[in-house]
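The values are calculated or read from the model by the stated rules, or taken from the named source; none is laboratory data. Being a predicted model, the structure only gives us computed values, none of them experimental. Don't worry about glycine lacking a Cβ; one is built from the backbone with ideal geometry, like all the others, and counts go over all protein chains shown. Heavy atoms of the whole protein, side chains included, go into the accessibility calculation; ligands, DNA and RNA do not. Shrake-Rupley method; radii C 1.70, N 1.55, O 1.52, S 1.80 Å.
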Amino acid sequence: MTNLASDYLILWASQTGNAEWIAKNIHTEAGKKGYKGECFVMDEFAVAPLQKAGIIIMVSSNTGDGDSPDNSLKFWKFLRRNKDKAYFTNTRFTILGLGDSNYSNFNNSGKKLEKKFKDLGAQVFYEKGLADDAEGLENIVDPWIEKLWEVLPTVLKQDGNVSIESSIAHEKELEKEMTELAINPVDVPYSMKNRKKTLPDLVEKYTNLENTLVDNFTMEARRENLPGNVSDYTKLDDTLVNGKNKVFKNGYPLIVSLAGLEAGAKLTGLPRVSVPVAKLSKLEGQKAEDLSGKLPDFVSTPVPVIYAPVTMVSCLTAPDAVKRTLEVELDVGEDNHFDPGDAFGVLAPNDEELVEAVLNRLNVPEKEFHQLYNVEGENLPSHLQKAASTTLIELFRYAVDLTSHPRKALFRMLADHTTDPKEKLALMYVCSKQGTAAFNSIREETPTLLDILETFPSCHPPIDRLLDLLPAHMPRFYSISSSPLKRQGKIRFAFNVVEYITAGKAQRKGVATPWMDKITQLIPSRSTPTNVEITVKEDIKVPMYIRQNANAFVLPQETERPLVLIGPGTGIAPFIGFLEHRQTQRNIRLSMGGIGHQPTQQIRDSFGPIYVYYGFREKSKDFLFEKEINEFKADGTISHLRIAESRATDAPKVYVQDLIKEDSAKLYELIVNKDATIYICGDAKGMAKGVQDALAEMLVEHQKIDLLEANKTLVGWISSKKYLRDLVSLNKFFIVVT
């Protein structure tokens, strides 16, 4: 193992595209540095030089609560079956994990990979990096990659005759040169907020000169009227100047604080300039095809897409509820099989107004929105590899994400295409180590691409580079809240319509939920104590696919096994499906009859008790599925129901974790002595942690063990699938519109 390896192998697993983007950037940069190797998604391990490559670099994200990404499941199946402890004897490896500390099993996939590779004989050549999306992935990713280039020459051959020592010294100097910038700021940059309403002093003095070519129109005024010298030309015969151009959506320019800038200082820790990959090639003389509600061909899914008709929609909340919650029913056909608790992906487009405004800001004429292009280039990311004969509208609606947290690498690229020195400096500062506070402040505002571009008016990036740097547009996943036994060929699901206002007073909205609210015609909130189901007769279809359930968040096959279901808010939705399924199973058995002295009682006894813990803010406003839950309680499907109301009038706040503490003795008996399965669905950060703490306290009190041992027991329950969690990390920065 003292010799340098001749080849490397990069393996990546990605759920949202971040891990793929990082892995392919490492691969491209390694090739430029003279290293030889290949890059594969983990599920293509069979064609990868798994045992031949002396160096393996793995980049893996996590999905759910530390689960492995979908495109690594085959690889994990191979690893679990592999018992050869010498399989990777000649392999040295390192791992970069992308996780979220809001989840208990933080970066679990990366940790599991390290353990398994060690078990199979591999040795670590560079300490793993565990990046945290809750704090910003770049905080760990960038320095980890920077150090990787210093370590690689000690284990991997490079083209040329440079010594290891010289190569390491060169890497350090190169990194310093590429990630540091000397600055000499002058006046505080003129704020974008002020520029909307006034003009900079240096510009304004030229607006009053005779025959000046500089107009005194501010950005805000220009949106409403045309300058006089332009307006005159709209009145000429056959004029090419159109005074009635389409008005595009406005963004929300950011306020970027440069308080940390000091004259003569250096900006350090700048992200490296990413290698250009994508290239747009115009297809002259070809017309775009009318998709008529179909997805572009480049949209890739693990199973075929179903264009599911909407058959029912219902608003579950009152008009004055904090959140607007809808339940929707889709007809997926009786040939598509699913279980209660399964999830499915909705392939919703980016908001059309936002996409058109972005293209307009990029100086694309409206008539060019539907011009056909091919996206070409080596090592393209997965979401662009099939992008041929497609339009800019399609690419920006279905290929790239315009609303997620921006990467530092995006700001670094934008700086290269910004002409105003002060704006360029601001962009460089934001992505530097010194600008960490400013970058985090921008993340808190969750800006769209339009907001960022409007903040820096002199920034004009090529569309090709935006395709390189923008994340992939991803499906949005929802849990099925119905049973196939009760509703053959149809699935139901519930969701909150995501609309909120940031601390900076910018209006934000989600991608899929407002789109589904819009296409189902924005039905009114419920005006009765319970919701009204509205049958949909129009031809409304939702492109979707049912996702493979990899985390076993489904009912146990043994109906006798007790269940504990914990789900506040829309977290109750999958459990409605569980309860429907158990209720229908029992009714089917009762209809078939039984044998013995008391057959009906025997059948009822073959179904274990179900404890339900559900919470909401106010009973009159957002008690979701109230009618169904009461029916489940009345017919005995629910054995024990506890309701937590956190905003009841003249009453203390009560949360589901408080009720679990109250029922500590009952739950210990059910969970430990009767082997109940625990399910929890909802917010990963607040609620899930509170429930975890309550369960740990239960074990401390009734099993007489310390807190450390109690938490180890819970981890064991998670591993054995006794304790199952379907959690989502909610954005901690938004304020819901009331």
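Just want to confirm a number: the relative contact order over the stretch 469-530, from Cα pairs under 8 angstrom separated by 6+ residues, in percent. Mind showing how you got there, number by number?
Details: 41 pairs, mean separation 12.3, N = 62.
Value for the stretch 469-530: 20 percent.
Pairs of Cα atoms under 8 Å, at least six residues apart: use those to get the relative contact order of the chain, whole percent.
Numbers: 1346 pairs, mean separation 93.8, N = 738.
That works out to 13 percent.
Between LYS721 and PHE78, what length comes free when the chain is fully extended (0.36 nm per residue of separation minus the Cα-Cα distance, one decimal in nm)?
Details: separation 643, 0.36 × 643 = 231.48 nm, distance 2.07 nm.
Here the answer is 229.4 nm.
Which trypsin sites (Lys or Arg not before Pro) does the stretch 267-371 hold that lie in a coil by DSSP with at most 15 other beta carbons within 10 Å?
Details: sites: ARG272, LYS279, LYS282, LYS287, LYS294, LYS323, ARG324, ARG361, LYS367; in loops: ARG272, LYS287, LYS294, LYS323, ARG324.
Those satisfying the criteria are LYS287, LYS294.
Let me have the 222 nm mean residue ellipticity of the chain computed from DSSP H runs of 4+ only, each contributing -39500 (n - 2.57), with the sum over all residues rounded to the nearest 500.
On the way: 24 runs with 224 residues, N = 738.
Dividing the helical sum by the residues of the chain leaves -8500 deg cm²/dmol.
What is the gain in length, in nm to one decimal, between LYS282 and GLU378 on full extension, counting 0.36 nm per residue of separation less the C-alpha to C-alpha distance?
Numbers: separation 96, 0.36 × 96 = 34.56 nm, distance 1.76 nm.
Extra length from LYS282 to GLU378 when fully extended: 32.8 nm.
Please give the FRET efficiency for GLU44 paired with LEU258, using the beta carbon to beta carbon distance and R0 = 45 Å, rounded to the nearest 0.05. The partial results should precede the final answer.
Working: r = 45 Å, r/R0 = 1.01.
FRET efficiency, GLU44 to LEU258: 0.50.
If I stretch the segment between THR584 and ASP297 completely, what's the gain in nm (0.36 nm per residue apart, minus their alpha carbon distance), one decimal? It would help to have the intermediate numbers written out before the result.
Working: separation 287, 0.36 × 287 = 103.32 nm, distance 4.01 nm.
So the extension gain works out to 99.3 nm.
Would you mind telling me the share, in percent, of accessible area of the stretch 34-159 contributed by carbon and sulfur at probe 1.4 angstrom? Spell out each step's value before the answer.
On the way: 2490 of 5240 Å².
The nonpolar share, carbon plus sulfur, comes to 48 percent.
Is the shape of the chain best called rounded, prolate or oblate, per the rule: a/c under 1.5 gives rounded, else a/b larger than b/c gives prolate, else oblate, with a ≥ b ≥ c the square roots of the Cα gyration tensor eigenvalues? Don't skip to the answer; put the middle values down first.
On the way: a/c = 1.86, a/b = 1.29, b/c = 1.44.
It is oblate, given that a/c is not under 1.5 and a/b is not larger than b/c.
Can you work out the FRET efficiency for the pair ILE705 and GLN601, with r the C-beta to C-beta distance and R0 = 60 Å, to the nearest 0.05? Mind showing how you got there, number by number?
Values: r = 38 Å, r/R0 = 0.63.
The calculated FRET efficiency here is 0.95.
Could you report the chain's accessible area per residue, 1.4 Å probe, as an integer in Å²?
On the way: 35310 Å² over 738 residues.
Each residue of the chain exposes 48 Å² on average to a 1.4 Å probe.
When a/c reaches 1.5 or more, the comparison of a/b and b/c decides; with that in mind, is the stretch 71-151 rounded, prolate or oblate per its Cα gyration tensor? Please list the in-between numbers first.
On the way: a/c = 2.85, a/b = 1.39, b/c = 2.05.
Since a/c reaches 1.5 but b/c is at least a/b, the shape of the stretch 71-151 is classed as oblate.
I need to check one value: relative contact order of the stretch 6-82, counting alpha carbon pairs closer than 8 Å and at least 6 residues apart, in percent. If you can, show how the numbers build up before the last one.
On the way: 123 pairs, mean separation 33.4, N = 77.
The normalised contact order for the stretch 6-82 reaches 43 percent.
Calculate the spin-label point distance for ASN90 paired with THR530, positioning each point 7 Å from the Cα along the beta-carbon direction, and give it in nanometres.
Label-label distance for THR530 and ASN90, simple model: 6.9 nm.
Tell me whether the stretch 317-389 comes out rounded, prolate or oblate; compute the Cα gyration tensor, take square roots of the eigenvalues as a ≥ b ≥ c, and use a/c under 1.5 as the rounded threshold.
Details: a/c = 2.92, a/b = 1.46, b/c = 2.00.
Because a/c hits 1.5 or more and a/b fails to exceed b/c, the stretch 317-389 counts as oblate.
Given a 1.4 Å probe and every protein chain left where it sits, what share in percent of the accessible area of the stretch 505-549 is carbon and sulfur?
50
Is any helix in the chain, taking whole DSSP H runs, at least 15 angstrom long along its axis by alpha carbon and on average at least 0.5 on the Kyte-Doolittle scale, and which ones? Show your work: numbers first, answer last.
Details: long enough: 18-32 (21 Å, -0.84); 108-119 (16 Å, -2.05); 138-151 (19 Å, -0.26); 164-179 (22 Å, -0.89); 573-592 (29 Å, -0.41); 687-703 (23 Å, 0.01); 707-719 (18 Å, 0.63).
Answer set is 707-719.
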